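Step one of this worksheet: look at the structure below.
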Amino acid sequence: MSKQRRQGGFLLIEALIAILIFSLGILGMVAMGGAAVGAQSDARYRNDAAALADEIANRMAVDALRSLEPVSGPDLVLAGSLAAYQYQPTTGATPCTFSGSMSTLPTVTNWIDLVRADGSGAHRLPGATALTEQIRVDSTGGVNQVSITLCWQGPNDSAQRRHTLVTYIN
């Protein structure tokens, strides 16, 4: 048997193995691209949630009433004014379950509408509803702690996402 006859088909096997390795590499790159798109949309929603929470916190700080007279203790006018912004201030046993009174201040109701929709009518935070958002004010001890929580669920998320901003308004 000649040497050439014994090596017959070896080139074909090498070519098939090379094609297999190349195909696995391409499939890996496609999978990484899909994961990158998912991470990008999650980052966008988190950025939107942070901007929305910051927006209502700033609005509260600017619009809240303050005492005209200098006070040595807690500013009760400010605390009362901030309390009017509370939106479902009671947190349930599981994340993103809120209850309690819903503020009727136009600033808050307009903000809730903004959380749910952008200018095109599409959801700004997908899966966000009026029932999955919370503004809680704690004025205990004269310190006005405001907690703003936004919950949403993206199209490819298996669970709800949540962003909470805690700030102090004095």
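The values are calculated or read from the model by the stated rules, or taken from the named source; none is laboratory data. Model, not experiment: these values are computed from the prediction. Here the Cβ positions follow ideal geometry from the backbone for every residue, glycine too, while neighbour counts run over all protein chains shown.
What to note about this one:
- Within the stretch 125-159, the set of residues being among the small types (Gly, Ala, Ser) and farther than 16 Å from Val77 by Cα comprises Gly127, Ala128, Ala130, Ser147, Gly154, Ser158, Ala159.
- Search result, residues across the stretch 80-94 that are assigned to a loop (DSSP other than H, G, I, E, B), surrounded by fewer than 16 Cβ atoms within 10 Å (Cβ to Cβ) and touching a strand residue (DSSP E or B) at 6+ places or on another chain (Cβ under 6 Å): none
- On the stretch given as the stretch 60-99, residues that are in contact with a helix residue (DSSP H, G or I) (Cβ under 6 Å, 6 or more places away or on another chain) and modelled with pLDDT of 95 or more total 2.
- Among residues of the stretch 17-59 being charged (D, E, K, R) and touching a Leu at 6+ places or on another chain (Cβ under 9 Å), the one that is surrounded by the most Cβ atoms within 10 Å (Cβ to Cβ) is Asp48.
- No other residue among Asp42, Asp75, Asp48 is farther than 20 Å from Asp138 by Cβ and in contact with a Gly (Cβ under 8 Å, 6 or more places away or on another chain) apart from Asp42.
- The condition of being part of a helix (DSSP H, G or I) and buried (at least 16 other Cβ atoms within 10 Å of the Cβ) holds for only one of Val108, Val77, that being Val108.
- Flag if Val115 is modelled with pLDDT under 95 and touching a strand residue (DSSP E or B) at 6+ places or on another chain (Cβ under 7 Å): yes
- Lone unmet requirement of (1) surrounded by 12 or more Cβ atoms within 10 Å (Cβ to Cβ); (2) more than 19 Å from Gly127 (Cα to Cα); (3) not charged (D, E, K, R) for Val62: (1)
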